[in-house]
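None of the figures in this text is laboratory data; all of them are computed from the coordinates on show. Since this is a predicted model, take the numbers as computed values, not measurements. Cβ placement follows ideal geometry from the backbone for every residue including glycine, while neighbour counts extend to all protein chains displayed.
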Amino acid sequence: MVKYAKAIDGLAKDLARRLAESYGLAETDFFKGWPRQFRINKYHFTPETVGKLGFNLHTDSGFLTILQTDENVGGLEAMDNVSGKFFPISPLPNTLAIILGDMAKIWSNGRLCNVKHRVQCNEATKRYTIASFLLGPVTDLEPPNEFVDDEHPRLYKPISHEGLRNIRMIKKLSDGEALKLITYE
Ligand SMILES: O=C(O)CCC(=O)C(=O)O
Ligand SMILES: [Fe+2]
């Protein structure tokens, strides 16, 4: 378990660093000291739950999620935010799914998309997934200067990961809509 967590943590940091590099940012270790979280999702799908949701539509509140999906049981669906259509993220052996969350959208000043996703129960069986989250800063997050200019004015008021999570919880907005509440007029 510790070995797995360390390897996943290394991968998350590597992905974040490469993302920053791909935008030509000066600061590529921006995620230093950000908390991480690890969760095993266990779905007890039954004949009664077939056709229902196992996990409601949501965005992940953090920066990025590395999801190890069940190799045999599908159900994860991502939403295309232009058409609103859902498409399945089918299980592929030896493949991890990477999901960008609310903090990635705030950090990139709106360039990166916080992907809406859900889990649909398609068959009466058990389903296991492992989600590892690189969350976000404990202090208020502001996009790097490279993401802000006259054509791309600051979209969001500075906020910590916990601050955003509190808004999501209090306002019951776990589908990414909480970002509208911290948008500059
Ligand atoms: O179990 C899945 O496939 C998705 C889990 C998920 O979206 C999450 O843990 O945030
Ligand atoms: Fe999720």
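Between D149 and I182, the modelled labels are 2.5 nm apart [label points 7 Å from Cα along Cα→Cβ].
The separation of region 91-108 from region 25-65, counted between C-alpha centres, amounts to 9 Å. Label-to-label distance for V50 and E27 is 5.2 nm, based on points extended 7 Å past Cα in the beta-carbon direction.
Of the residues N56, T46, L11, the one whose Cα sits farthest toward the positive end of the charge dipole of region 1-61, with +1 on the Cβ of Lys and Arg and -1 on the Cβ of Asp and Glu, is T46.
Among the GluC sites (Glu not before Pro) found in region 27-101, those both in a DSSP coil and sparsely packed, with 11 or fewer other Cβ atoms within 10 Å of their Cβ, are E27, E48. The charge dipole of region 34-182, taken about the Cα centre with unit charges on the Cβ atoms of Lys, Arg (+1) and Asp, Glu (-1), comes to about 540 debye, rounded to the nearest 20.
Listed by Cβ neighbour count within 10 Å, with the fewest neighbours leading, V2, V138 appear as V2, V138.
Length gained on full extension, R17 to L57: 11.6 nm, using 0.36 nm per residue less the C-alpha separation. Counting every other Cβ atom within 10 Å of each residue's Cβ, S132, S83 order from fewest to most as S83, S132. Considering only Cα-Cα distances, which of the following residue pairs are longer than 23 Å: K6/K171; K52/K116; K105/K157; K32/K172; K32/K157? Correct reply: K6/K171; K32/K172.
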